[in-house]
Amino acid sequence: MSTDTDILIAGAGPTGLVLAIDLARRGIPHRIVDRSERGFPGSRGTGIQPRTLELFDDLGVLDAIMAGSGPVPAIQSWIGAERAESWKLAESADDSPAIPYPDTRMLPQWRTVEILCARLEELGGHVDFSTELTGFTQDPDGVTGTLRHADGTEETVRAQWLVAADGGRSEVRRTLGVPFTGEQIDPRPVLIADVLLEGPDRAEIDGGHWHMWQQAEDGLVALRPLEQVETVQVIAGFGDTGRDLDLDLDATPEAIGRLVSARTGLRLTVSEVRWASAYRARMAMAERFRSGRVLLAGDAAHVHSPAGGQGLNTSVQDAYNLGWKLEAVLRRGAPDALLDSYDAERTQIAAEVLGLSTRVHQADLGADGGGRWRRGKETHQLTLGYREGPLSRELRRDVAEDALRAGDRAPDAPCRDASGAPVRLFDVFRGPHFTLLDLTEGATALPELPGWIRTFRPLDADGHAKAAYGSGLFLVRPDGYVGLATDDARDVEAYVAMVAEA
């Protein structure tokens, strides 16, 4: 059997699903395959940062994400069976009209995957589960992949581009031979599991806190009731760096129950283990995110320590960066060299975030004597951007040092449209189009622009848009970053020619 499509996506985790949703709303034919029978079953990747909430707003899943998630719980530290200090783990973003979602939300990854799958189906797409990409070749015109289905049958698929979102042990990356270099951050093994917790002291493990025994003799243990479900996430560290955890032995209900009981001093038992995994914290990044007709995204391109909640968020932003560029190449005649900007922009961001998550992890290591593990605003990903990227053009004169510039995240602002109706800039930006935001003085003559660019001149009586952006013309990319900032309308035409056929 042989089929054709524009984009083949290997891996249906959050990264692959975000890309598939973006392609579906653009009308780009694609296939997304995953070798599992259904989506990721565990809670890992629970923290959703403010910048990712903005992405989910644009893709039409924010309401479901907000309804299913909860705030970052306060830490309740324990010494044996006695409560000790309690403190707030995560800092909020600045209270500003420019930042509509100032707080990190917590949601098990399996639920995020369910929400994204449902949105993809709303848009007419679907995931081919129990379907594995077993091999591929590429040539100057595309990629030929071999898919194996659950019944053992094979299918040949021809695509113009292959996107590898197949995880930290990516077979696509290995086949390409792209170096994946990094280091182990912490040699101690960690067990993470989603369990049903019972016992006389079960009520002590309430849903308003993340309960931590940092000074337990055999290693830290943390218990967190998951949002709107009956399961509790267990995280347990082990001091023996030479020990390899065996899930068949160490992740049984009996084994985890003994561990929890011994380290907490509470009367607790584990009746069921829904999911379990083991890891040693490491950081690594691919040498490049593009190799010919193949693009790496998410964990296939970079893996993080879970500290600070950066991995999933950085991964879905990869997909968000890539979707509009694939459309530009496939539908608007842009040279495929535009995809080199994906590599340039996202390798820079990944390197920055890997450094951040590693610093947070190392700070955590210094806190195991009872210190506070505080996540600051730097983890929100709102200040990450592409100022030095190949698609950023800051052409205004005399811009203040602390002003927004091309390459920065495009802020939100409440304002009014031409009819006087209230509107948010994020409402204007929402969708697969570019937006030309006109904040010039007086009536500026604008060039005739293609239909994939919408022009908006806000009525800004309260000055929120001006406060966020300053003066000028701002061409906002579909992924919510300012591509061009200028005072001269002629610069807009030149920028358009860079991202589409002249």
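Flag: Leu53 matches the condition of being free of Cβ contacts under 8 Å to residues at least 60 places away in the same chain and crowded, with 21+ Cβ neighbours inside 10 Å.
Could you tell me how many of the residues in region 367-395 are modelled with pLDDT under 95, farther than 20 Å from Asp94 by Cβ and crowded, with 16+ Cβ neighbours inside 10 Å? Matching residues across region 367-395 total 1.
Among the residues of region 121-165, count how many are surrounded by 17 or more Cβ atoms within 10 Å (Cβ to Cβ) and free of Cβ contacts under 8 Å to residues at least 12 places away in the same chain. The qualifying residues number 0.
Anything in region 16-57 that is on the phi > 0 side of the Ramachandran plot and within 14 Å of the chain's Cα centre (by Cα)? List them, or say none.
Of region 16-57, the ones on the phi > 0 side of the Ramachandran plot are 27, 45.
The answer is Gly45, and nothing else.
The selection criterion, being assigned by TED's automatic domain parsing to the domain that holds Asp427 and closer than 18 Å to Ala400 by Cβ, does not hold for Leu459. Looking across Ala406, Ala467, one residue alone is outside the structural domain of Leu326 (by TED's automatic domain parsing), crowded, with 21+ Cβ neighbours inside 10 Å and at pLDDT 95 or above. It is Ala406.
The single condition among (1) buried (at least 21 other Cβ atoms within 10 Å of the Cβ); (2) over 25 Å from Ala319 (Cα atoms) that Ala81 does not satisfy is (1).
When you check Ser341 against the structure, is it crowded, with 17+ Cβ neighbours inside 10 Å and either modelled with pLDDT under 90 or in the same structural domain as Leu220 (by TED's automatic domain parsing) (or both), yes or no? Write out each step before concluding.
Working: crowded, with 17+ Cβ neighbours inside 10 Å: yes; either modelled with pLDDT under 90 or in the same structural domain as Leu220 (by TED's automatic domain parsing) (or both): no.
So Ser341 fails the test.
Flag set for Val476, criterion: modelled with pLDDT of 95 or more and either within 18 Å of Ala328 (Cα to Cα) or surrounded by fewer than 21 Cβ atoms within 10 Å (Cβ to Cβ) (or both). The single condition among (1) more than 26 Å from Ala81 (Cβ to Cβ); (2) at pLDDT 95 or above; (3) of a type outside the set (S, T, N, Q) that Leu191 does not satisfy is (1). Within region 295-311, take every residue that is farther than 12 Å from Leu17 by Cα and either at pLDDT 95 or above or aliphatic (A, V, I, L, M) (or both) and give me the one that is surrounded by the fewest Cβ atoms within 10 Å (Cβ to Cβ). Out of the qualifying residues, it is Ala307.
Scanning region 216-262 for residues that are touching an Asp or Glu at 6+ places or on another chain (Cβ under 8 Å) and in a loop (DSSP other than H, G, I, E, B) returns Leu220, Leu226, Thr231, Phe238, Gly239. Taking the condition closer than 22 Å to Ala20 by Cβ and not aromatic (Phe, Trp, Tyr), does Glu121 pass? The answer is yes for Glu121. From the list Leu425, Leu446, which residue is in contact (Cβ under 8 Å) with a residue 12 or more places away in the chain and either under 30 Å from Ala20 (Cα atoms) or assigned by TED's automatic domain parsing to the domain that holds Asp57 (or both)? None of the others qualify; the one that does is Leu425.
Scanning region 435-484 for residues being touching a Pro at 6+ places or on another chain (Cβ under 6 Å) and under 20 Å from Leu384 (Cβ atoms) gives a total of 2. In the condition set (1) under 23 Å from the mean Cα position of the chain (by Cα); (2) of a type in the set (Val, Ile, Thr); (3) in a strand (DSSP E or B), Val157 is compliant with all but (1).
Beta carbons closer than 8 Å, at least 6 apart along the sequence or on distinct chains, pair a first residue in region 91-118 that is within 15 Å of Leu55 (Cβ to Cβ) and modelled with pLDDT of 95 or more with a second that is among the aromatic types (Phe, Trp, Tyr) and assigned to a helix (DSSP H, G or I) for Pro100/Phe426. Reported count of residues in region 283-303, each being in a strand (DSSP E or B) and closer than 30 Å to Leu196 by Cβ, is 1. Exactly one residue out of Ile21, Ile7, Ile75 is in contact (Cβ under 8 Å) with a residue 60 or more places away in the chain, outside the structural domain of Thr153 (by TED's automatic domain parsing) and more than 17 Å from Glu132 (Cβ to Cβ): that is Ile75. Flag set for Gly420, criterion: surrounded by fewer than 18 Cβ atoms within 10 Å (Cβ to Cβ) and at pLDDT 95 or above.
The values are calculated or read from the model by the stated rules, or taken from the named source; none is laboratory data. Please read these numbers as outputs of a predicted model, since none were measured by experiment. Counting neighbours? That spans all protein chains shown, and the Cβs are built from the backbone with ideal geometry, glycine included.
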